[in-house]
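The structure appears below as structure tokens.
The values are calculated or read from the model by the stated rules, or taken from the named source; none is laboratory data. Quick caveat, the model's predicted, so the values are computed rather than measured. With ideal geometry, Cβ positions are generated from the backbone for all residues, glycine too; neighbour counts draw on all protein chains shown.
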Number of protein chains: 2
Amino acid sequence: MFDKKMLDIGYSQSTIRDLYTYGLARKKVIGDDNVYDFSIGNPSIPAPSVVNETLIKLLSEEDSVKIHGYTVSPGNIDVRDSIATYLNKTYNTAVIGKYIFLTCGAAASLAIVTKALVFPNEEVIVFAPHFPEYRTYTEAVGGKLVTVNPDPDFLPDFIDLENKITNKTKIVIYDSPNNPTGAFYTEETIKKMSDILSKKEKEYGHPIYLVSDEPYRELLYGNEKYPFVTNYYCNSIVCYSFSKSLSLPGERIGYILVNPKCEDVEDVYAVICGAASMLGYICAPALFQNMVPYVLGHTSNLEEYKKNKDTLYNALKEIGYDVIYPTGAFYLFMKALEEDAEAFSEVAKKFELLLVPSDPFSYKGYIRIAYCVSYKQIVNSLPAFKKLYDYYKK
Amino acid sequence: MFDKKMLDIGYSQSTIRDLYTYGLARKKVIGDDNVYDFSIGNPSIPAPSVVNETLIKLLSEEDSVKIHGYTVSPGNIDVRDSIATYLNKTYNTAVIGKYIFLTCGAAASLAIVTKALVFPNEEVIVFAPHFPEYRTYTEAVGGKLVTVNPDPDFLPDFIDLENKITNKTKIVIYDSPNNPTGAFYTEETIKKMSDILSKKEKEYGHPIYLVSDEPYRELLYGNEKYPFVTNYYCNSIVCYSFSKSLSLPGERIGYILVNPKCEDVEDVYAVICGAASMLGYICAPALFQNMVPYVLGHTSNLEEYKKNKDTLYNALKEIGYDVIYPTGAFYLFMKALEEDAEAFSEVAKKFELLLVPSDPFSYKGYIRIAYCVSYKQIVNSLPAFKKLYDYYKK
């Protein structure tokens with residue numbers, strides 16, 4: 001009667017959503033402050049004031065028909081040009097508004113790009129541990145997800161990458177800083193990856209697209225310079241969302257950017273437009289499109305995440321946990337205290353700690369801690385982390 | 001290299017978009033007031049004041065994290081409950097928020113429902129003339145679009161409908177009032193259609209879903225009572241958008257409603273949730289979700305469309321054109337003055353009239369006039385319509 005995979009996805013909220021839903025119910029029983037919910041990547045700090053100020057100004061001053069009306073499907077060209085100008089200045093690159101397609105957020109961008117480029121039975125390479133939805137979008141178009149193992153720093157194992165590229169490899173997706181580890185791909189990493197892909201493109205005689213999924217691009221806590229992929233690899237595509245940098249995850253505004261240096265760039269852009277139409281994407285929400293030129297370069301107050309990260313990371317290390325140091329994003333990746341991360345996550349619940357097991361990220365034995373929560377929750381949760389540790393070690 | 005159909009869709013703006021783009025260019029040459037663009041269904045009257053007032057109030061008073069944050073994928077349950085309450089009161093029906101899924105507008109709703117329910121090689125029945133994108137969403141999932149002929153009033157030819165239902169028919173889609181004719185499906189029409197479908201469901205032993213696409217539901221100019229499909233047919237699904245009633249087409253907010261009386265309703269709703277995930281839909285834009293409870297039952301000032309309609313309809317009849325009387329929506333469907341509607345549309349351009357040929361609506365020999373334009377444009381265009389008529393008739 002129904003497609004089994006679709007039905008399964010529809011019923012099984014994801015592991016993450018399940019934990020989140022459990023947390024909401026549990027809070028009703030024992031009180032909001034007594035559940036330490038680290039399950040979901042919903043930004044905990046407000047949008048910068050420029051967001052609401054701009055929205056109110058647009059709503060108050062602009063013509064209703066203009067501000068709420070249809071734009072062309074890829075989005076208002078003035079908005080797209082403003083993004084290109086901003087990117088060129090910030091990352092010293094040379095992209096153009098004509099090859100930007102505004103979308104309803106990063107999920108839409110990834111679903112569209114995958115639909116556009118991947119034929120049934122072709123392969124999509126991702127780097128474990130990876131954002132679980134890469135699998136959904138790949139399988140939705142009949143493609144096959146291939147995962148590359150991480151090196152000890154949770155960056156790509158390049159030998160494994162090289163071995164896993166085949167004649168059927170169509171796209172390679174990475175996100176930096178990474179969800180769930182917070183690992184950051186330096187310029188050196190991007191260059192190495194590009195070299196391997198270029199060699200394989202030559203070997204197989206067709207493009208292998210490198211897709212950079214960048215919702216956490218601005219969430220870097222040191223002095224890292226973000227290596228913008230269009231500067232390193234011709235057949236590259238950027239998927240961006242304003243969800244995390246501006247604390248607007250519910251508003252569904254982001255973009256796809258095709259590198260102007262892409263082989264057959266007009267065709268690549270057109271097939272993305274066509275895929276978007278087929279998936280029911282008409283234009284990105286117009287009010288938020290109109291907001292974009294005013295907020296480029298702004299972020300929420302990232303110092304709050306940094307404070308959370310430093311406090312939690314230091315405390316967990318001190319307790320004795322094995323935690324990956326996160327360069328960016330708002331996740332900590334921590335080794336579970338038993339082999340089975342799902343079992344560990346269940347035990348953690350007894351201490352009111354909601355931690356996401358790493359299995360849906362195609363990786364075993366770890367848990368993800370989304371530290372985009374109140375500082376109070378960080379501080380209050382520390383005794384529970386200690387008790388959880390003692391439960392295993394004593 | 002690329003999927004040909006997707007590439008074609010990506011390159012070929014639709015006929016409608018092509019005309020619209022031509023109009024924008026032509027206006028730059030001869031001035032905005034001298035081009036009579038009737039190509040596109042972009043509402044010309046502002047959103048009712050309650051829309052911007054509500055948005056500004058939410059932005060000013062509510063917590064940023066709450067107002068802009070993720071909701072669960074199907075949307076905030078309080079919002080969905082408010083929609084159910086409103087529908088139950090307005091249409092004397094018994095739907096529930098639990099089976100409502102908030103979407104990024106009607107296009108998203110239709111793409112999701114089609115993906116969820118139609119397997120490759122199954123058939124989707126629509127009524128000519130019909131909204132062109134029904135074909136896109138059907139072919140996107142490998143389905144086959146089957147068109148039923150209209151009767152002389154541009155309502156379904158029921159004998160043709162009965163003949164065209166086969167064992168492969170999975171869904172039947174109608175929109176009332178109709179784009180492009182403005183025809184309205186009375187209670188009697190819905191009942192007849194339901195009877196035929198029920199008989200065929202029995203004959204073939206499986207559900208045939210009736211999908212009511214309702215973006216123009218509130219755009220009725222007489223005293224018509226809207227027959228709500230859930231009251232007449234169990235296996236029914238409503239796709240709604242706030243685009244037209246509230247003049248918010250760019251904002252992408254609408255919903256899918258599954259009739260609680262649907263056979264295996266839990267599965268139907270779950271497969272819709274699954275399809276949405278696979279297509280990259282996470283949640284509908286949160287600010288606009290939050291707006292919905294405050295604007296239910298409101299519309300833009302429809303009197304303006306009525307004035308446009310009456311003036312244009314009467315004038316075109318007076319000139320001598322053969323025009324279908326539109327009960328609702330904001331389109332007039334008019335017989336072309338030669339067999340080839342595309343050729344007629346080209347001739348009309350010489351008189352600066354941009355009229356959409358009926359061919360993309362799976363119907364020949366007519367043109368669609370979107371009268372959601374300024375009243376000034378209606379009045380100023382009349383001499384051009386007269387000249388166009390004289391060109392053919394004298």
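Quick notes on this structure:
- In region A:300-332, of all residues being under 21 Å from A:Ala384 (Cβ atoms) and part of a loop (DSSP other than H, G, I, E, B), the one that is nearest to the other protein chains (Cβ to nearest Cβ) corresponds to A:Phe330.
- Residues (in contact with a helix residue (DSSP H, G or I) (Cβ under 7 Å, 6 or more places away or on another chain), farther than 15 Å from A:Val124 by Cα, free of Cβ contacts under 8 Å to residues at least 60 places away in the same chain and buried (at least 21 other Cβ atoms within 10 Å of the Cβ)) located in region A:164-192: A:Ile190
- Filtered residues of region A:140-168 (kept if more than 14 Å from chain B (Cβ to nearest Cβ) and either of a type in the set (Val, Ile, Thr) or on the phi > 0 side of the Ramachandran plot (or both)): A:Val146, A:Thr147, A:Val148, A:Phe154, A:Ile159, A:Ile165, A:Thr166
- Residues in region A:16-41 that are over 20 Å from A:Ser358 (Cβ atoms), within 27 Å of the chain's Cα centre (by Cα) and at pLDDT 95 or above: 1 in all.
- When residues of region B:1-29 are limited to those that are touching a residue at least 60 places away in the same chain (Cβ under 8 Å) and farther than 25 Å from B:Phe330 by Cβ, the one nearest to the other protein chains (Cβ to nearest Cβ): B:Ile9
- Scanning region B:119-139 for residues that are out of contact with any Ser or Thr (no Cβ under 7 Å at 6 or more places or on another chain) and within 12 Å of chain A (Cβ to nearest Cβ) yields B:Phe119, B:Pro120, B:Glu122, B:Glu133, B:Tyr134, B:Arg135, B:Glu139.
- Condition met for B:Thr93 (over 20 Å from A:Pro249 (Cβ atoms), in contact (Cβ under 8 Å) with a residue 24 or more places away in the chain, in a loop (DSSP other than H, G, I, E, B) and hydroxyl-bearing (Ser, Thr, Tyr)): yes
- Residue selected from region A:300-314 under the condition free of Cβ contacts under 8 Å to residues at least 24 places away in the same chain and within 22 Å of A:Pro152 (Cα to Cα), by the criterion surrounded by the most Cβ atoms within 10 Å (Cβ to Cβ): A:Tyr313
- Considering region A:62-81, the residues that are without any contact (Cβ under 8 Å) to a residue 40 or more places away in the chain and in contact with a helix residue (DSSP H, G or I) (Cβ under 9 Å, 6 or more places away or on another chain) include one that is nearest to B:Ser60 (Cα to Cα), namely A:Ser64.
- All positions within region A:257-299 that are assigned to a loop (DSSP other than H, G, I, E, B) and either surrounded by fewer than 24 Cβ atoms within 10 Å (Cβ to Cβ) or away from chain B (no Cβ under 14 Å) (or both): A:Asn259, A:Pro260, A:Lys261, A:Cys262, A:Glu263, A:Asp264, A:Ile282, A:Leu296, A:Gly297, A:His298, A:Thr299
- Scanning region B:378-394 for residues that are crowded, with 17+ Cβ neighbours inside 10 Å and among the β-branched types (Val, Ile, Thr) turns up just one, B:Ile378.
- B:Ile100 vs. criteria more than 9 Å from chain A (Cβ to nearest Cβ), in contact with a Phe, Trp or Tyr (Cβ under 7 Å, 6 or more places away or on another chain) and either surrounded by 15 or more Cβ atoms within 10 Å (Cβ to Cβ) or of a type outside the set (Ser, Thr, Tyr) (or both): yes
- A single member of A:Ala106, A:Ala116 is surrounded by 24 or more Cβ atoms within 10 Å (Cβ to Cβ) and within 7 Å of chain B (Cβ to nearest Cβ), and it is A:Ala116.
- With respect to the conditions (1) more than 14 Å from every other protein chain (Cβ to nearest Cβ); (2) at negative phi, B:Asn92 lacks only one, and its number is (2).
- Restricting attention to region A:315-335, the residues being free of Cβ contacts under 8 Å to residues at least 40 places away in the same chain and touching a helix residue (DSSP H, G or I) at 6+ places or on another chain (Cβ under 7 Å) number 2.
- Residue check for B:Gly254: touching a strand residue (DSSP E or B) at 6+ places or on another chain (Cβ under 8 Å) and within 12 Å of another protein chain (Cβ to nearest Cβ): yes
- For region B:226-239, the tally of residues that are within 30 Å of A:Val65 (Cβ to Cβ) and away from every other protein chain (no Cβ under 14 Å) stands at 3.
- Qualifying residue in region A:282-292 (condition: out of contact with any strand residue (DSSP E or B) (no Cβ under 7 Å at 6 or more places or on another chain), under 30 Å from A:Val51 (Cβ atoms), aliphatic (A, V, I, L, M) and modelled with pLDDT under 95): yes
- Filter result for A:Glu346 (charged (D, E, K, R) and touching a helix residue (DSSP H, G or I) at 6+ places or on another chain (Cβ under 6 Å)): no
- For beta carbons closer than 7 Å, sequence separation of 6+ or different chains, a first residue in region A:127-144 that is among the aromatic types (Phe, Trp, Tyr) and a second that is part of a loop (DSSP other than H, G, I, E, B), the qualifying pairs are A:Phe131/A:Asn179; A:Tyr137/B:Gly280.
- Residues located in region A:33-88, provided they are surrounded by fewer than 15 Cβ atoms within 10 Å (Cβ to Cβ), in a loop (DSSP other than H, G, I, E, B) and more than 9 Å from chain B (Cβ to nearest Cβ): A:Glu62
Table: residues versus (1) closer than 21 Å to A:Ala140 by Cα; (2) among the charged types (D, E, K, R); (3) touching a Leu at 6+ places or on another chain (Cβ under 9 Å).
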position: B:Lys89; (1), (2), (3): no, yes, no
position: B:Phe101; (1), (2), (3): yes, no, yes
position: B:Ala106; (1), (2), (3): no, no, no
position: B:Thr114; (1), (2), (3): yes, no, no
position: B:Val126; (1), (2), (3): no, no, yes
position: B:Glu139; (1), (2), (3): yes, yes, yes
position: B:Lys144; (1), (2), (3): yes, yes, no
position: B:Pro150; (1), (2), (3): no, no, no
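- Candidate set from region B:365-377 (those that are under 28 Å from B:Pro150 (Cα atoms) and more than 18 Å from the chain's Cα centre (by Cα)); member that is surrounded by the fewest Cβ atoms within 10 Å (Cβ to Cβ): B:Gly365
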